[in-house]
Amino acid sequence: MNRLVRMGVLFFMNFLLAGVLAEANSSLSGFGVSLHLEMLFIVFCGLYLDAIPGMVMTAGLGFFLGVFRPVPLEDTLIEFLLLWLFSLAARRRIRRENFAHVAGVAALAQCLAIIGMSFAYGADLVGSGVFWGRVFGDAALSMLIVAVLAYLWCQFQVRILMDMGWNPDAQH
Amino acid sequence: MPRKLTFQGKAVLLTVLIIAVWWVAPVAIKKFTRISFFEFQAPSWVGLSYLKDVQDYWVNRSHSKSELIQAGIEMAELNAAYELRNQQAAFQESEVQRLEALLDMPSLPEHRYEVARVIRRDLNAWWQQIIVRKGTRHGVAQGQAVVFSGGVVGKVKEAHLYTAVVELLTSPGFRVAAHFEGDLRPIQFTGGYNPLFSTPHGVASNVPSDVHIPLREERRIVSSRLGGVFPDGLSLGRIKSLNLEPDGLFQNGKVAIDPRLLSLREVAILIPLGEDELAWEEPGR
């Protein structure tokens, strides 16, 4: 199976995950809480894939998920690529076989993304306690879920790729 | 060490390159990319919402006959009440037309209601929007008003072929002209306060200083047709108290918004009637 097909399968899996997460957010909307789980899509690209496939995959996912946001598409592209660079930089400093390491990197990057987006998109509300209460509440919940799921989602993707005859663990 | 630098340097270089390429790309290409990605995904969301409808159908099929009979009785009572109200509305409508003709006033804009299913909700601290299952094919266009049984929902922000994005009135930056029920002086409603695990609220500002709300009472604020988007009298929320603004000329207050807005399943889009549609609906006019 060639590389393009493998990437296509990975992309489709992430697309399905995006659907599930969007449904979860739709269901949670009635409770006044929302989840931001972008790092689930990016952490595998940063920790396992080579530079070019990782970047293409991250940019593609950024385009796919960014069209639903009421902000310019380049904002999402930049956010995703910066998060990907962050996980790429962490790749040499952590053990990706370790649950805590992967969870820590994903949760920290997610937290930075949420705070960055709050300053970028909440410029009119940065002085409001209600706004920051919501942001920190969402961030805490999102970080918790990202921390729990990041490693498991990465391992699931690794297993799928191994079933397709390619060992991503062999990548440096 | 050099290998590490090369790998990470290559990644940074690629990132800068792709951002630069996207940055200098013509607006037409950016717009085309955005629309293409949206329309490509839209069928999957629409399909998912139809699946949910099927699920609801089978859940409803599981109700017992006695429950259905009870629901039928309640529906009949509601129908009777609405029929009476329709008769009153028809009489009031003819009265409005008579007065318009008498005073030589331009008639109020009229709309038809396009009911649309909500297929996705994206409500966070930065933006609040929903995606509905009706688009330009159904006459939906950017800027149209969206309502539900509890009042105003928001307005159409983007209209695609089969779907539309609706910005909710709880979205930061959402501003609309409003007035108190029974008091036509205009005020401004601003959305954007969405606390954690709680219902959202907005802010009413530019309220004249002589408006007073008694303790333990609340007043409803409704949409005003001054903004040109919403018809008059649709509920925006309720306000319990007012505070004097620093200039001393106006007051402002917190507006409690209907909590059902966060879990909407169906909305109605107000589509302005064209001349031909008006003539079709009212041949004698």
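The values are calculated or read from the model by the stated rules, or taken from the named source; none is laboratory data. Nothing here was measured: the structure is a model prediction, and the numbers come from that model. Every residue, glycine among them, receives a Cβ derived from its backbone with ideal geometry; neighbour counts consider all protein chains shown.
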- Message: Could you tell me how many of the residues in the stretch A:15-56 are farther than 16 Å from residue A:145 by Cα, surrounded by 16 or more Cβ atoms within 10 Å (Cβ to Cβ) and free of Cβ contacts under 8 Å to residues at least 60 places away in the same chain?
- Response: 11
- Message: Tell me whether the stretch A:136-152 contains one or more residues that are touching a His at 6+ places or on another chain (Cβ under 6 Å), surrounded by 19 or more Cβ atoms within 10 Å (Cβ to Cβ) and closer than 22 Å to residue A:16 by Cα.
- Response: yes
- Note on the structure: Screening A:60, A:32 for residues that are within 14 Å of chain B (Cβ to nearest Cβ), touching a Phe, Trp or Tyr at 6+ places or on another chain (Cβ under 7 Å) and more than 29 Å from residue A:134 (Cβ to Cβ) leaves only A:60
- Query: residue B:100 versus (1) more than 14 Å from chain A (Cβ to nearest Cβ); (2) in contact with a Gly (Cβ under 7 Å, 6 or more places away or on another chain): which is the lone unmet condition?
  - Reply: (2)
- Of the residues that sit in the stretch A:66-79 and are more than 9 Å from chain B (Cβ to nearest Cβ) and either among the polar types (S, T, N, Q) or farther than 21 Å from residue B:7 by Cα (or both), which one is nearest to the chain's Cα centre (by Cα)? A:76
- Just wondering, is there one or more residues in the stretch B:244-261 that are of a type in the set (Gly, Ala, Ser) and closer than 23 Å to residue B:156 by Cβ? no
- Message: residue B:68 - would you say it is under 24 Å from residue A:68 (Cα atoms) and more than 10 Å from chain A (Cβ to nearest Cβ)?
- Response: no
- Message: Considering only the stretch B:12-34, I want to know if a residue exists there that is surrounded by 12 or more Cβ atoms within 10 Å (Cβ to Cβ) and touching a residue at least 12 places away in the same chain (Cβ under 8 Å).
- Response: no
- Message: Taking the criterion of being at pLDDT 90 or above and either within 14 Å of chain A (Cβ to nearest Cβ) or under 30 Å from residue A:84 (Cβ atoms) (or both), would at least one residue in the stretch B:76-93 satisfy it?
- Response: no
- Query: Of all strands (runs of 3 or more DSSP E) completely enclosed by the stretch B:166-264, which ones contain at least 3 residues that are within 14 Å of chain A (Cβ to nearest Cβ)?
  - Reply: B:187-193, B:201-208, B:250-256
- Kindly indicate whether any position in the stretch B:2-11 is basic (Lys, Arg), modelled with pLDDT of 90 or more and out of contact with any strand residue (DSSP E or B) (no Cβ under 7 Å at 6 or more places or on another chain). no
- Query: Applying the selection to the stretch B:185-211, what residues are farther than 19 Å from residue B:155 by Cα and touching a residue at least 40 places away in the same chain (Cβ under 8 Å)?
  - Reply: B:186, B:199, B:205, B:206, B:207, B:208, B:209, B:211
- Item | Any pair with Cβ under 8 angstrom, 6 or more apart, that starts in the stretch A:1-14 at a residue that is closer than 15 Å to residue A:168 by Cβ and ends at one that is of a type in the set (D, E, K, R) and surrounded by fewer than 16 Cβ atoms within 10 Å (Cβ to Cβ) | none
- Query: So residue B:177 clears everything in (1) of a type outside the set (Asp, Glu); (2) free of Cβ contacts under 8 Å to residues at least 24 places away in the same chain; (3) surrounded by fewer than 22 Cβ atoms within 10 Å (Cβ to Cβ); (4) over 15 Å from residue B:270 (Cα atoms) except one condition, right? Which one?
  - Reply: (2)
- State yes or no: is residue A:87 within 10 Å of chain B (Cβ to nearest Cβ), among the polar types (S, T, N, Q) and crowded, with 20+ Cβ neighbours inside 10 Å? no
- Contacts under 7 angstrom Cβ, first residue in the stretch B:112-123 being within 14 Å of another protein chain (Cβ to nearest Cβ), partner among the polar types (S, T, N, Q) and assigned to a strand (DSSP E or B), 6 or more apart: B:122/B:129
- Only one residue in B:49, B:44 is touching a strand residue (DSSP E or B) at 6+ places or on another chain (Cβ under 6 Å) and closer than 30 Å to residue A:74 by Cβ, so which one is that? B:49
